[in-house]
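A short worksheet on the structure shown next.
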Amino acid sequence: YPKLLLQIHNPPLLLYYQGNLEIFNQPSIAVVGPRQASFYGNQVVKKIVSELAQADFLIISGLALGIDTEAHETTLQANGKTVAILGTGLDLIYPSTNRNLAQEIIKKGCLISEFLPGTPPLKNNFPRRNRLIAGLAQATLVIEASEKSGALITARFALAENREVMAIPGS
């Protein structure tokens with residue numbers, strides 16, 4: 001069980017994972033943002049995440065389309081380690097277009113979920129997932145989030161847990 005997660009207000013009773021939990025011994029940062037990322041947002045993620053991954057930071061995100069996918073892919077391209085927190089059971093990768101990415105993440109990091117196998121992508125699961133993203137990271141980097149986004153939910157969880165929150169606004 002990752003130590004940082006024990007420090008949050010409402011830690012999960014148990015976690016399901018595939019991959020390597022030992023990677024949580026390195027500094028970690030969550031990277032979150034919109035599903036429909038701008039060209040600018042993607043470029044910022046590529047630059048910052050590549051540098052963080054090369055400096056041995058663990059990159060944590062939610063495997064969603066957009067910024068999350070870019071953060072995971074950039075980390076893997078930089079030979080870094082990444083963790084994807086799922087809002088489903090481990091056996092149901094959502095979105096399904098990220099199945100191959102999930103398999104690559106397992107090789108150099110891990111997938112984590114607090115949901116039972118077979119749990120579908122229900123709307124209420126994703127704010128719960130976001131608390132784990134914030135809880136597993138020492139800091140959260142928000143890229144171009146809109147006012148009512150899941151990225152800002154993650155930022156609020158991070159702030160509530162006294163974690164650092166950084167933001168990259170739109171261009």
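The values are calculated or read from the model by the stated rules, or taken from the named source; none is laboratory data. Worth saying up front: this structure is predicted, and the values here are computed from it rather than measured. Please note: Cβ atoms are built from the backbone with ideal geometry, for glycine as well, and neighbour counts cover all protein chains shown. Remember, those area values only see protein heavy atoms, side chains included, never the ligands or the DNA or RNA. Shrake-Rupley method; radii C 1.70, N 1.55, O 1.52, S 1.80 Å.
So if each residue of separation counts as 0.36 nm, and I subtract the Cα-Cα distance between Lys47 and Asn20, what length gain in nm does that give?
Using 0.36 nm per residue and subtracting the Cα-Cα distance, I get 7.2 nm.
Please enumerate, by chain and number, the lysines with C-alpha under 24 Å from the C-alpha of Lys107, excluding those fewer than 8 residues away in the same chain.
Output for Lys107: Lys3, Lys46, Lys47, Lys81.
Sort out for me the Cα centre separation of the range 91-131 from the range 60-87, rounded to whole Å.
With the range 91-131 and the range 60-87 each reduced to a Cα centre, they are spaced 11 Å.
Magnitude of the Cβ-charge dipole of the range 1-142, K/R +1 and D/E -1, about the Cα centre, nearest 20 debye?
My answer is approximately 220 debye.
Give me the percent of the accessible area of the chain that comes from carbon and sulfur atoms, probe 1.4 Å, all protein chains in place.
52
What shape does the range 68-129 take by its C-alpha gyration tensor, where a ≥ b ≥ c are the square roots of the eigenvalues and a/c under 1.5 counts as rounded, a/b above b/c as prolate, and the rest as oblate?
prolate
Modelled label-to-label distance, Met166 and Ser38, 7 Å Cα→beta-carbon offset: nm?
2.0
Taking Lys148 as the anchor, which lysines have their alpha carbon closer than 16 Å to its alpha carbon, excluding any fewer than eight residues away along the same chain?
Result set, ordered by chain and number: Lys123.
Per-residue counts of other Cβ atoms within 10 Å, averaged by peptide: what ranking do you get for 138-148, 75-85, highest first?
75-85, 138-148
Is the shape of the chain best called rounded, prolate or oblate, per the rule: a/c under 1.5 gives rounded, else a/b larger than b/c gives prolate, else oblate, with a ≥ b ≥ c the square roots of the Cα gyration tensor eigenvalues?
In terms of gyration-tensor shape, rounded.
Among Ala145, His9, Gly62, which residue has its Cα furthest toward the positive end of the charge dipole of the chain, with +1 on Lys/Arg Cβ and -1 on Asp/Glu Cβ?
His9
Evaluate the relative contact order of the range 1-148 (contact order divided by residue number), counting alpha-carbon pairs under 8 angstrom at least 6 apart; express in whole percent.
The normalised contact order for the range 1-148 reaches 33 percent.
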